[in-house]
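The values are calculated or read from the model by the stated rules, or taken from the named source; none is laboratory data. Note that the structure is predicted; figures quoted are calculated from it, not measured. Backbone-built Cβ (ideal geometry, glycine too); neighbour counts: all protein chains shown.
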Amino acid sequence: MRNWVKLKSNQVKLNAVLESHYANLYRIAYAWCQEETLAQDLVQDTMVKALQRADQIVSFENIDRWLCKIMHNLFYDNCRHKARWQQLTVEEIDLDEQPHSESIEALYIKKQTINNIHHAIGTLPFDQREVIILVDLQGYTYQEVAEVMEVPVGTVMSRLSRARQKLKKQVTSERFIPNYMNNVVKLKKGNKS
Amino acid sequence: MTKLHNNPAENVHAYIDGELSAGERDAFEEAMQLDESLKEEVCELRKIKQQMLEHYQKVEVPPMPKLERKSSERMQRYWPIAASLFLAFGVGFLAAKDMPLNSVTSGSGVVLKVAENQQNDKVILHIDSDQPQRVNALLQKASMMLQSQPPGAHPVQVEIVANDHGIDLFEKGNRNRAAIIALLAKYDNLKLVACQRALERRAQSGHPVQLIDHVESDRPALEEIVDKMKKGWTYYRF
């Protein structure tokens with residue numbers, strides 16, 4: 001009965017908390033999922049799950065982290081088990097490869113797309129995407145992210161480092177557009193016989 | 001504690017994220033003064049960090065399904081009374097640890113209602129999957145609840161809410177169609193709700209779902225679930 005009383009009491013407080021954290025949760029979900037509808041679903045499931053588990057809340061002080069943890073677990077489960085979410089996986093783009101087969105126009109369009117930070121984040125593996133959003137958007141410390149994701153701090157740091165290096169390449173590198181010289185046919189003078 | 005590296009370049013992320021101590025920060029900044037490439041790296045990473053923050057702060061957030069603030073406030077006001085009434089009645093049947101999520105409704109009436117209605121007479125069954133095991137479990141639960149109606153008791157209100165892949169359950173071509181139609185025909189106290197958003201999404205993808213008759217689809221699943229939970233319905237997820 002004590003659990004039930006606690007559940008009811010916490011659910012009341014949680015309703016207000018969910019209202020105040022909704023926009024924040026949605027933005028994180030949108031960055032993770034890359035799609036509005038999936039983000040809405042993820043936040044929806046997070047809210048339902050949070051209400052179900054309201055009896056586990058010890059303190060409302062760090063409730064945002066608790067909500068992020070629920071959302072992180074749901075995000076991972078969805079990515080693992082649901083076909084629609086698995087389609088979100090974006091192949092990593094190797095920017096070190098010099099593209100020769102695509103037209104300059106196509107590459108320019110790709111470059112413009114990748115310049116959008118949102119799409120660039122979408123090219124990161126899920127674990128790196130989650131870390132960089134929690135640190136940069138949510139402003140969590142490495143320790144806090146480690147707690148949310150239940151991984152060591154060192155793992156958070158290495159994922160963050162890899163994520164930023166990839167983002168940096170995608171957002172700032174001009175290598176993605178091939179050097180125009182590569183497309184110039186060099187005419188050599190030859191001896192006509 | 002953050003594990004730091006001896007090489008300043010390795011600490012660039014910890015520096016821009018404010019993870020270094022004052023001493024470490026000074027040492028890093030000193031190293032940065034002597035290393036132009038390190039300075040550039042910091043600038044670029046900071047720019048990306050800022051760009052990301054600005055981008056997502058501008059993202060338009062869809063409206064949150066109504067959480068009925070007034071209802072929560074009312075509940076906060078009446079909750080102590082409700083709790084004491086509940087304790088006074090001394091009902092111990094709710095002590096089960098794995099009890100399904102129950103009402104978040106307001107007012108002292110909740111406690112009395114729960115005490116009076118020990119069979120959870122309003123139940124919401126939520127499904128977001130088309131996995132046969134889960135669908136079967138849900139249908140089994142629904143028919144069991146509808147059938148186990150004690151004589152003279154109020155009819156149990158059962159509502160099946162489906163979203164995501166769960167909406168396939170209500171599709172005209174679904175293999176459980178006959179069972180659902182039979183339940184609908186037999187029980188007036190059964191309501192079916194398909195998530196409006198899931199249907200729209202399916203239609204957008206070029207695979208619209210043709211629902212069987214009498215399935216409601218005028219609101220998102222979350223709105224329906226939260227609304228019902230706040231009204232004291234018992235929630236089960238499959």
| said: Of the conditions (1) closer than 21 Å to B:Asp121 by Cα; (2) away from every other protein chain (no Cβ under 11 Å); (3) touching an Asp or Glu at 6+ places or on another chain (Cβ under 6 Å), B:Val161 satisfies every one except a single condition; which number is it? | reply: (2)
| task | Give the residues of region A:31-63 that are assigned to a helix (DSSP H, G or I), without any contact (Cβ under 8 Å) to a residue 40 or more places away in the chain and not charged (D, E, K, R), sorted by residue number. | result | A:Thr37, A:Ala39, A:Gln40, A:Leu42, A:Val43, A:Gln44, A:Thr46, A:Met47, A:Val48, A:Ala50, A:Gln52, A:Gln56
| task | Search region A:21-69 for residues being of a type in the set (A, V, I, L, M) and within 15 Å of the chain's Cα centre (by Cα), and hand back the single one that is nearest to A:Gln128 (Cα to Cα). | result | A:Ala31
| Which one of B:Glu19, B:Glu40, B:Glu30, B:Glu36 is modelled with pLDDT of 90 or more and in contact with a His (Cβ under 9 Å, 6 or more places away or on another chain)? | B:Glu19
| said: Every residue in region A:3-18 that is touching a helix residue (DSSP H, G or I) at 6+ places or on another chain (Cβ under 7 Å) and modelled with pLDDT of 80 or more, please. | reply: A:Leu14, A:Asn15, A:Ala16, A:Val17, A:Leu18
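Table: residues versus (1) assigned to a loop (DSSP other than H, G, I, E, B); (2) away from chain A (no Cβ under 14 Å); (3) crowded, with 22+ Cβ neighbours inside 10 Å; (4) touching a strand residue (DSSP E or B) at 6+ places or on another chain (Cβ under 6 Å).
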| position | (1), (2), (3), (4) |
| --- | --- |
| B:Pro155 | yes, yes, no, no |
| B:Leu169 | no, yes, yes, yes |
| B:Asn174 | yes, yes, no, no |
| B:Ala179 | no, yes, no, no |
| B:Ala185 | no, yes, no, no |
| B:Ala203 | no, no, no, no |
| Mind checking which residues of region B:205-224 are β-branched (Val, Ile, Thr) and either in a loop (DSSP other than H, G, I, E, B) or modelled with pLDDT under 85 (or both)? | B:Val209, B:Ile212
| request: Enumerate the pairs (first residue in region B:168-188 and closer than 16 Å to B:Arg134 by Cα; second residue anywhere and acidic (Asp, Glu) and surrounded by 12 or more Cβ atoms within 10 Å (Cβ to Cβ)) with beta-carbon separation below 9 Å, excluding pairs fewer than 6 apart on the same chain, so at least 6 apart or on different chains. | output: B:Asp168/B:Asp130; B:Leu169/B:Asp130; B:Asn174/B:Asp130; B:Asn174/B:Asp168; B:Arg177/B:Glu171
| Within region B:221-234, is there a residue that is more than 26 Å from B:Gly173 (Cβ to Cβ) and among the hydroxyl-bearing types (Ser, Thr, Tyr)? | yes
| message | Show me the helices (runs of 4 or more DSSP H) found entirely inside region A:102-193 where at least 1 residues are more than 12 Å from the chain's Cα centre (by Cα) and at pLDDT below 90. | response | A:104-115, A:153-172
| query | Can you tell me how many residues in region A:126-176 are of a type in the set (Lys, Arg), more than 8 Å from chain B (Cβ to nearest Cβ) and surrounded by fewer than 19 Cβ atoms within 10 Å (Cβ to Cβ)? | reply | 3
| query | What residue, among those in region A:40-53 that are crowded, with 23+ Cβ neighbours inside 10 Å and at the interface with another protein chain (Cβ under 9 Å from one of its Cβ atoms), is nearest to B:Glu223 (Cα to Cα)? | reply | A:Gln44
| query | Within region A:19-35, how many residues are at pLDDT below 90 and at the interface with chain B (Cβ under 9 Å from one of its Cβ atoms)? | reply | 1
